[in-house]
Every structure is written in C-alpha cells, then in structure tokens.
Amino acid sequence: MTPIILQAVYRAKSGDKAAYAELYTYYYRQMYAYALYALGHPQDAEDAVAQTVYCAYTEIAKLRREESFPTWLFTILSNQVKRKKKAYVERRVQIPLEDLNELADGAPWQSEEKLDLYKALSSLKDTDRAIVLLSVVENFTGKEIAAILGMNPSTVRSRLSRSLKRLHQLLTANEESDRKGASV
Amino acid sequence: MTRKRQKKDKETLLQLEMQARIKAQLDDIVPPESIAPEQVDNLCKRGQNLMEQRKARIPRARRKFSANRVLAGVMSLVLVAGLGVYGFTHVNEQMPTESVSQTARNESRRMIDAADTSERELLTVARRYEVAPDDYTPLTAYTAALRRKIEEENKKNFFDIFNGFLNDGIDNAAPEMAEEMADVEAGTSAEDVEFTDTNNQVAGVQEGDIVKTDGKFLYVFGGGKLHVQRVEKDGGLTDCDTVKLADPGEYGQFYDLYLQENHLAAVMALSTEWQKELLAVKLYDISPAGKLISAGSYMQEGGYVSGRVADGALYLVTSSHNFSIYNEKAEENIPLVWIDGIERKVTTDELYFSGDAERNMQYTNITGYRFGDAASDVNTVSILSGYTEDIYCTKQNLYLLKNNWVSSRDGLESYNKTDICRYALKDGRIEAKAQGTVRGSTLNQFSADEYHGYFRIATTDSDENRVTILDKNLNKVSELTGLARGERIYSCKFMGEKAYLVTFRQTDPLFALDLSDVKAPKVAGELKLPGFSNYLYPFGERYLVGVGMNTDENGSVNGMRVNLFDVFDPTSPKLSDAKILAGGFHALAGITHKAFYKDPQNGVFGFPICSYDLNEFNGFVLFSEKNGKLEVKKELGYTEKATEAANNGELLWTTDDGNGLVSYNYNGFYIQRGVCVGDTLYLLSEHQLDAYDRESLVYLNSFDLD
C-alpha cells in the first residue's frame with residue numbers, strides 16, 4: 001500500500017468524506033471486477049459494491065490497522081458477494097454474451113481468448129474462483145485470502161495452485177482445438 | 001539464484017502467467033457510470049437502502065429468535081469452519097517458546113523447549129540438506145521420463161514408462177474388514193462420568209479436533225497454547241498445565257488434537273514460505289494426571305488433509321507440492337520426514353505411484369504412528385498421486401478420495417471423477433491395497449462408507465448423482481445412477497444397508513436408498529421439502545436430524561432449518577417436525593460435523609450458529625426431541641467478554657496483540673464446539689470456555705484461554 005493511500009485511510013478514519021471518496025477511486029475498479037466475475041451478473045455486482053461502500057463507510061472508524069484496509073474492504077465485499085450467492089443458491093446466473101461485449105472497454109469483444117478465459121473461470125467452484133480472483137485483483141497473499149474468505153490458509157494455497165493448473169489445462173486444450181480447427 | 005531454484009520456479013511461472021492473464025482481463029473491465037467515484041455519495045445511499053431492505057425482509061416475529069440483540073453496528077462477518085483460522089491469534093514471534101504452567105516441571109519444560117527450537121530451526125534449514133541421491137536413481141529416471149512425456153505429448157501408457165522402477169504396491173490379498181455404525185460416541189471414565197467425544201464418522205475411529213476430553217481433563221487449543229484443564233464439580237475448571245506451542249510461522253496454524261489413553265498428539269502446520277508447509281506433530285505423555293510431558297515430535301511435508309486414530313495408531317494425511325518434473329535431480333523430488341528434528345528422506349520402498357500423477361503432480365504423504373512407541377518408529381508412505389480431497393477411514397482401511405477430472409483430447413468434453421486409493425492399516429503401518437475410479441465428485445468424507453467388505457460412494461456428476469458400490473479391490477459391483485438430475489448432493493449418510501441422500505435445486509428431496517443387495521441398489525423412498533440439509537445425523541433408531549437451510553418458493557435461502565425425519569419406514573420417509581430460524585443464520589454443523597453436539601443421555605442436541613447480521617442471535621442453540629417433536633430448548637448467546645468486544649467493534653477486525661502482529665481472526669468469539677463432561681456443558685470459543693449446567697443450561701462460569 002502506498003503512503004498516499006495510507007494517508008487517505010487515516011483521514012477517512014477520522015471522518016474525512018473526501019478521503020473516503022479518494023480511497024474509493026483507488027479500489028472501485030478492482031471491487032467491481034471481483035464482484036462481476038464472482039457473481040457473473042452486472043446488476044448484482046453493482047449492488048454488492050454499493051453495499052460494501054456503505055458498510056465500509058459506516059465502519060471505517062473502527063478499523064484498527066490502517067494498512068489492512070484493502071483486506072478489510074475485500075472481506076466486506078466478499079461477504080456481500082457470498083450473501084448474494086447464497087440468495088440464489090443454485091440459480092446459475094451468467095453474464096449474457098452481449099453484456100460481456102459491452103463490458104469490454106467499449107471495443108468490440110476482441111477475442112475468443114477472453115471468452116474462453118471467462119468460461120474457464122466460470123467452470124471453477126465458487127470458492128476456487130473467489131480465491132483465484134482475489135489472488136489477482138489486489139495481489140492478496142494466501143493468508144490474506146484465507147482471512148477474507150474465512151478459510152484455512154493451506155486449503156487456499158492448495159486450491160489456488162490447483163485451480164490455476166486447471167485453468168491452464170482448460171485453456172491449452174481450447175487453444176489446441178482452435179488451432180486444429182483453423183488448420184483444417 | 002541457483003539453477004535448482006530456477007527450475008523449481010518454472011512451474012510457479014506457469015501459474016504466474018495464468019494470473020497475469022486473468023489480471024489483464026479484469027483490468028479491461030470498465031465499471032458502469034453508476035458506480036464511478038463521483039457517484040460515491042449516491043452509491044452509499046443505494047447501499048444503505050439495499051441493506052435496510054434486506055433487514056426488512058426478515059419478519060419481525062421471526063427476529064424474536066434473536067433474543068440477544070447485543071451486537072449492534074457491525075455489518076458483516078466472515079464465517080469460518082471451526083478449524084479455519086484457529087491458530088492465528090497471539091502468535092508472538094519474539095517471545096521465546098516456553099511452558100507457561102505455574103507447576104510445569106523443569107524437565108518437561110526443557111524437553112519442550114528443545115523440541116520446539118529444533119522445529120523452528122528446521123523450518124529454515126529444511127531445504128538446504130544435501131543427501132546422496134544414489135538410492136533415488138529410479139525416480140530421477142522417472143522424473144525425466146515424465147517430463148519428456150509431457151513435453152512430447154506422448155500418450156502411451158503412462159505406467160509403462162517406469163514399470164519396475166517403483167513399487168506399485170497393489171496386491172489383491174483379501175483384507176480383513178469390519179464395520180460398525182457411527183454415532184456420536186459417549187464414553188465413561190473410571191468414575192462413570194459421562195462425556196462427549198468428537199462427533200466421529202466411524203465408531204471407534206477418532207477424528208482430531210480443537211478440544212478433547214477423557215472425562216477428567218479438557219485438552220484444548222487457545223491463544224497459541226495447549227491447555228490442560230481439570231474438570232471440577234459444578235462447572236469448575238482448574239488450570240493444570242499450559243504449553244506455549246512453537247510459533248507456526250506466517251502461514252502456519254494449529255489444527256487438531258488426538259487423544260489416546262495416556263497419550264496426546266497436537267497437530268499443527270508450520271510454514272514460513274508460500275506453498276511450503278510442514279505438518280508437525282508434538283507427542284505428549286499425559287499419564288501423570290494433568291501434565292504434558294513432551295514425548296517427541298515428528299513432521300511430514302505438505303498441507304493437512306485430515307487424520308484419524310484407528311486401533312491405537314495415529315494416521316495423518318498431507319498433500320504436498322514438492323514434486324516437479326523440472327527437478328532433474330531426484331533428491332529434490334523426494335518427500336522428507338523429520339523424526340525428533342532429524343531429517344530423513346522417504347525411501348523408494350515407501351514411495352507409491354497411483355492415478356493421475358501426470359495431471360496433478362503432488363504427493364500425498366501418510367504417516368502412521370502407534371501411540372506409546374518412540375517417535376522414531378513412525379511409518380511413512382508417500383504417493384505420487386495428486387491432491388487428496390478427503391479421507392474415509394475405518395479401523396483397518398484408509399481410503400484417499402481424490403477429485404479429478406478427465407478431458408477428452410480435444411478438451412471439448414470433460415467430466416469429473418473421483419480416484420480412490422485403499423490402504424490397509426495395522427499398528428501404524430500403511431500398506432497399499434487397491435485403487436479404483438468412479439465418475440463424479442464427492443462432497444465430503446460422508447460421501448464414502450465401507451460396509452461388510454464393500455465400499456460405497458456417493459458422487460455428483462455433471463448433471464446427475466450416483467451411488468457406486470465397489471468391492472474390496474475397488475472394482476465396480478453396481479451403481480445407482482440418475483438420482484436427482486440437475487441437482488447436486490448437499491448431504492449424505494450411509495447407515496448399514498440403508499443410505500440417505502439430500503439433493504437440492506428448488507426443494508430438498510431426501511432419498512432413502514436400499515443398499516441391502518449390493519448388486520442392485522435402489523431408491524426405497526423419497527421425501528420433498530423446501531430447503532436442504534447440509535448434515536444428516538442419525539437420531540436413535542427411528543429418526544434422522546437434518547441441519548441445513550430453508551428456502552422460499554424461488555429457491556432463495558431465507559433462514560436456517562432443522563428437520564427431524566422419521567425414517568422408520570424407509571419406503572416412505574416422513575417429516576416428523578422442523579424448526580425454522582429465519583434470518584441470515586449459518587450452522588457451523590453444516591460446515592463441519594465436529595460442531596454437532598449430542599448429549600450422551602437425553603434427546604438433546606445442538607450446534608453453534610452464527611449470522612451475518614449481528615443484530616441476530618449468535619451463539620449455541622440446543623434442541624430437544626420428544627415423541628417426534630422438536631423444541632428449541634435454549635439459546636446460549638455470547639458472553640460478556642464477547643459482547644464488550646462487539647461493542648468496541650472488534651468482531652469485524654480483531655486487534656493486534658500489542659506486538660504489531662495482525663490477527664486475521666474474525667471469529668474469535670464464535671462458539672465453535674460444545675463438550676459435555678459430567679453435569680457440565682462447556683462451550684468453546686477461541687478465547688474462552690463457558691460452563692453451563694448440563695440439565696438446566698444455567699450459566700456457571702467462564703475460563704480465559706489467552
């Protein structure tokens with residue numbers, strides 16, 4: 001965490017609204033990306049972010065260790081996501097392809113590669129996906145992820161490594177079949 | 001950086017590339033205008049509205065359940081399985097390891113210190129040892145062959161490559177099998193004091209837990225220490241001995257205790273480096289009542305999967321990542337064990353190969369130790385077989401369950417499968433016996449069962465559920481397929497010739513299966529209910545308790561639900577009674593069966609429950625069953641200490657302990673277990689034990705574990 005962000009956490013804790021808004025600018029993209037990929041639903045992702053913004057705002061004064069702000073923030077977010085997930089237990093909500101298109105940087109959906117990765121990620125179990133996403137959005141360590149998701153750190157590490165291998169395998173298989181398809 | 005190290009890193013590199021790719025894609029996502037930073041005020045309001053709507057959805061009358069509305073102001077909490085973050089609190093790196101008992105004898109203190117120091121040193125030197133690799137040339141060849149094979153995509157039979165190199169250890173000798181049904185075991189000590197054992201799956205096969213009792217003492221982890229408390233009359237406890245356990249390192253933690261007559265084993269993970277874990281076992285002689293006398297230690301590589309005490313011996317299973325095809329030198333790929341701090345490599349006759357190592361290059365390491373032996377008598381076996389998800393264990397057999405997947409060559413089709421390996425156990429020795437595979441993946445250890453020489457396993461395939469019956473060589477005898485298409489298994493309970501299975505999509509079908517004819521298993525009856533049960537517990541001859549969630553007509557969860565099933569007539573299971581606790585509750589018993597408490601005598605059972613919403617009840621709830629009716633007997637809430645902490649906002653993010661250490665402990669105040677000894681029910685949370693009268697459930701005392 002950079003000193004600037006740390007400063008903002010201190011200020012936000014003391015009730016500085018502008019500092020809180022500033023903190024939000026540092027994290028909102030990652031928060032949204034996490035919620036979107038974890039939930040697979042743009043509207044719910046927005047709601048989860050909104051709820052997190054509200055909860056974190058009302059609770060930040062109680063944050064004991066300023067440097068743990070990102071972990072703390074994603075803990076709240078991951079709980080909001082879990083709650084939503086719980087609410088639609090097995091209703092598998094996926095981003096419709098056309099929505100995915102819109103989400104892709106204004107540009108047309110460039111590649112099947114991205115779609116493949118999204119599909120591969122979706123094929124992981126919820127928890128495994130959450131672990132992978134958290135390991136990239138804010139480069140959280142295994143122990144931090146374990147804290148965020150309320151899991152045991154050694155499970156997190158095993159699952160992360162296994163899930164990444166699996167993703168790699170799925171994508172390699174996909175790319176190979178694409179290549180074969182192209183050469184025919 | 002050495003060449004060796006670079007090779008090791010190659011595999012990590014693949015993972016890093018994968019992560020970079022995902023990161024790039026996530027970075028490309030453009031959040032909608034509505035959540036842009038300039039909208040932060042509106043967003044806050046939107047969040048507030050959503051939170052309030054959510055609260056309003058819980059009917060007033062139902063919220064009455066939350067009698068102890070003491071924990072206000074904290075919006076969300078992480079739920080953790082009982083074993084979850086247990087070990088992180090109050091681990092002090094600077095403080096020297098020492099026995100802190102007032103009465104601990106110098107001798108035991110000296111031994112504990114010595115053992116702990118050697119463990120810690122080993123953590124840093126573990127990888128620096130160089131041992132002559134001569135004995136491992138077969139593995140060197142194997143590693144090279146495997147690497148070549150993978151690089152060349154050579155699909156010929158994998159087993160041929162190293163035939164004769166390694167002992168594949170599979171023989172078809174008929175093992176002796178015996179089976180008893182599981183129940184929460186109640187024991188009696190010499191003075192006929194009733195007490196509860198851990199809620200073991202298989203009778204007579206002990207599972208580890210954070211608290212153990214022999215009816216005279218409570219042995220419990222708390223605040224980075226191992227405590228021995230003598231149980232006194234009227235809910236009293238006397239602190240008899242305390243050992244400050246070795247610092248488990250940044251990634252380490254305390255896991256389980258195993259108790260066998262005069263012996264206690266404390267199992268913890270030691271780890272200072274990402275993906276490098278050691279499972280350490282500290283043995284204690286507890287024959288001098290109330291004392292912990294160090295009796296040696298041993299360690300094995302890998303992350304903790306699970307453990308059992310079967311027939312007086314402790315078996316511990318870990319999965320480790322240390323195999324890499326980029327290690328050309330075999331010694332880098334040999335699992336290590338440490339006995340009383342002395343390193344030794346697993347020898348080739350202790351190495352096995354099984355299953356899909358090609359895909360999942362990990363070792364499963366098993367150690368076997370007969371209580372009372374010297375630590376040097378530990379037996380070890382390592383199987384290059386991939387990640388072990390769960391184990392199932394009887395007194396004679398240990399089954400490893402590995403969830404894997406199979407994809408067709410073009411990668412277009414893939415399905416889940418579960419590889420099963422059976423090992424025969426005897427006096428701490430472990431012998432490979434058989435391996436087999438079934439389609440689909442398992443839910444947990446309750447997905448598997450052994451009965452009269454047959455192994456039964458319930459799995460969820462992509463769109464259906466199945467129960468497969470295998471013989472002792474793990475060859476398929478029969479299977480029951482097509483159960484609840486499009487749903488998945490939520491809980492499972494094998495009971496001799498019967499089995500019960502809960503699947504869920506919109507409603508909760510409870511399937512009663514008749515497995516009496518191993519060649520033709522069939523569905524005997526079915527019951528549909530809203531919601532689902534995560535855990536099934538046989539309650540006497542007639543009933544089955546299901547702990548789970550309630551759902552509305554859309555399948556959305558709206559509360560917790562405890563079902564009492566009447567399974568007297570398996571062809572038509574009935575719902576005898578149910579209790580619904582509306583709100584955001586979670587029952588820890590649905591996450592780990594060890595949190596399920598059953599009073600050894602009367603029809604009382606209970607479990608800890610917690611809620612995302614701290615305005616709701618958090619604590620331990622006890623039910624009683626009488627003539628097929630359930631009653632909420634008592635809700636035991638947070639204690640004063642926890643209430644105070646909650647009011648200080650310490651529940652969401654607990655404190656550092658004054659030493660600058662972050663304590664990622666969200667649930668230190670959650671009640672994790674209930675244990676009954678004599679007339680007292682003790683509730684264990686991370687920092688304390690609360691004593692209640694077992695009959696009246698009146699609060700008696702609290703004891704600090706920090």
Exactly one of A:Ala19, A:Ala45 is within 11 Å of another protein chain (Cβ to nearest Cβ) and of a type in the set (Gly, Ala, Ser), and that residue is A:Ala45
Which listed residue is modelled with pLDDT of 95 or more, in contact with a strand residue (DSSP E or B) (Cβ under 7 Å, 6 or more places away or on another chain) and acidic (Asp, Glu), from B:Glu487, B:Glu464, B:Glu450: B:Glu450
Quick check on the range A:48-82: of everything there that is of a type in the set (Val, Ile, Thr) and facing chain B (nearest Cβ under 9 Å), which residue is surrounded by the most Cβ atoms within 10 Å (Cβ to Cβ)? A:Val53
Among strands (runs of 3 or more DSSP E) entirely within the range B:462-552, at least 2 residues that are closer than 27 Å to B:Glu625 by Cβ occur in B:488-495, B:498-504, B:507-514, B:522-530, B:532-539, B:543-551
For the range B:23-36, pairs from a residue that is facing another protein chain (nearest Cβ under 7 Å) to a residue that is of a type in the set (Asp, Glu), with Cβ under 6 Å and 6 or more apart or across chains, are B:Asp28/A:Asp105; B:Val30/A:Asp105; B:Ile35/A:Glu46
Is it fair to say B:Leu314 is in contact with a strand residue (DSSP E or B) (Cβ under 9 Å, 6 or more places away or on another chain), modelled with pLDDT under 90 and over 20 Å from B:Leu684 (Cβ atoms)? no
I'm trying to understand the selection: among the residues of the range B:559-580, which are more than 17 Å from B:Ile609 (Cα to Cα) and touching a Pro at 6+ places or on another chain (Cβ under 9 Å)? B:Phe565, B:Asp566, B:Val567
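The values are calculated or read from the model by the stated rules, or taken from the named source; none is laboratory data. Please read these numbers as outputs of a predicted model, since none were measured by experiment. Cβ coordinates were reconstructed from backbone atoms using ideal geometry, including for glycine residues, and neighbour counts include every protein chain displayed.
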